[in-house]
1. Relative to 2.2 N^0.38 Å, what does the C-alpha radius of gyration of the range 237-321 come to as a ratio? Two decimals please.
2. Helix-derived [θ] at 222 nm for the chain: sum -39500 (n - 2.57) over DSSP H runs of at least 4, divide by residue count, nearest 500?
3. Out of the total accessible area of the range 163-321 (probe 1.4 Å, heavy atoms of protein only), what percent is carbon and sulfur?
4. Using only the Cα atoms of the range 182-309, each taken as one equal point scatterer with no solvent, compute I(q) by the Debye sum, divide by I(0), and report log10 of the ratio at q = 0.11, 0.21 Å⁻¹.
5. Find how many whole Å separate the alpha carbon centroid of the range 277-300 from the alpha carbon centroid of the range 195-251.
6. Could you work out the relative contact order of the chain, using alpha carbon pairs under 8 angstrom and six or more residues apart, expressed as a whole percent?
7. Out of every Cα pair in the range 64-172, what percent are spaced more than 17 Å from each other?
8. Remind me, what semi-axes does the chain give for its equivalent ellipsoid, largest first in whole Å, using sqrt of 5 times each Cα gyration tensor eigenvalue?
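The values are calculated or read from the model by the stated rules, or taken from the named source; none is laboratory data. None of these values were measured; they are calculated from a predicted model. Glycine gets a Cβ as well: all are built from the backbone with ideal geometry, and neighbour counts include every protein chain shown. Accessible surface areas use protein heavy atoms only, side chains included; no ligands, DNA or RNA. Shrake-Rupley method; radii C 1.70, N 1.55, O 1.52, S 1.80 Å.
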Amino acid sequence: MRTLGEIAILIDAELIGDANYQILGLASIDQAQADQLSYVASNKYSNQLDNTQAGAVIINKSLKDSRPANALIVKDAPVAFAKLSQHFRPENSLMIGIHPSVTMGKNVQIGDNCTIGVNVVLEDEVIIGNNVTIGANSVIHHQCQVGNDVVIDSGVVIGSEGFGNARDNQQHWHAIAHLGRVIINNQVTIGANTAIDRGTLGDTIIHNGVRLDNLIHIAHNVIIGEDTAIAACSGIAGSTKIGERCMIGGMVGIVGHLNICDDVIINAKSTVDKNINSAGMYTGIMPLMPHKKWQIVGVWLTKLDKITKYLNIKLNYLKGK
């Protein structure tokens, strides 16, 4: 429970209303009750202020004239709400300090104020910074490093062996030992059941402020730039470099050995098979259509090379006349 006066200080807001009004929790604008606080993301949703039962609302300055009785005026309502939500997170008794079931190898280093959950495994020479949270059943393999203020959700694997193999003349596979590490820098969040492979010789590197959703696979020697966000079920093949402030949608597949520049947005389900050298939004998917229509489209796709050759022959004929 917090008063609106306390909340205003936490999010650096201008309070209009009762500073002693008590807030028990947070809720969406259409479901909030009198003891709860919500927010309106932009002017587009200003009509929601008319019917809300919320005890108080966080709004941008542009909505000041439409405010309810208790309002917290900020520069950026979604960011302010995100910051406030951390102060209403329920405490989990299983996630306080280092759980007794944690398994640690030799020469493991753990910083201050860390929380390490049930059945976590930290292998030899792992280094964990300050203010790190590691969820239950996660594994950090040998020699990998985690910076400060990092949140790792449950079931995450950091430093798993990369998918590197060599095939001999008899077509038998021989596994390549991956001798590099994974380096996680500061203020990174990693979603549940995400796997990040160690480098083959160099390191796989996740730079400051990166946000990784659940169920992402990052292969060996990938480098992800600062403040890039990647949504669930995406896969990034080995040795690809992704720039800063990129946003990658869900189920995106990125092939190996590519370079993606800063400030790129890749829409969900896209396949990236070449370098991206200019900032902007990219999409690489076929539109949804009825299956029978797709069968027809598929037939034409397989004939495109023949159609192109035919058209070139006709064009050359016409030019020769």
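1. 1.53
2. Value at 222 nm, helices only, nearest 500: -4500 deg cm²/dmol.
3. 59
4. With no solvent term, the Cα-only Debye profile gives -0.43, -1.13.
5. 25
6. Taking the mean separation of contacting Cα pairs over the length of the chain, I get 7 percent.
7. Considering the range 64-172, 64 percent of its Cα-Cα pairs are separated by more than 17 Å.
8. Gyration-tensor ellipsoid for the chain: 43, 34, 16 Å.
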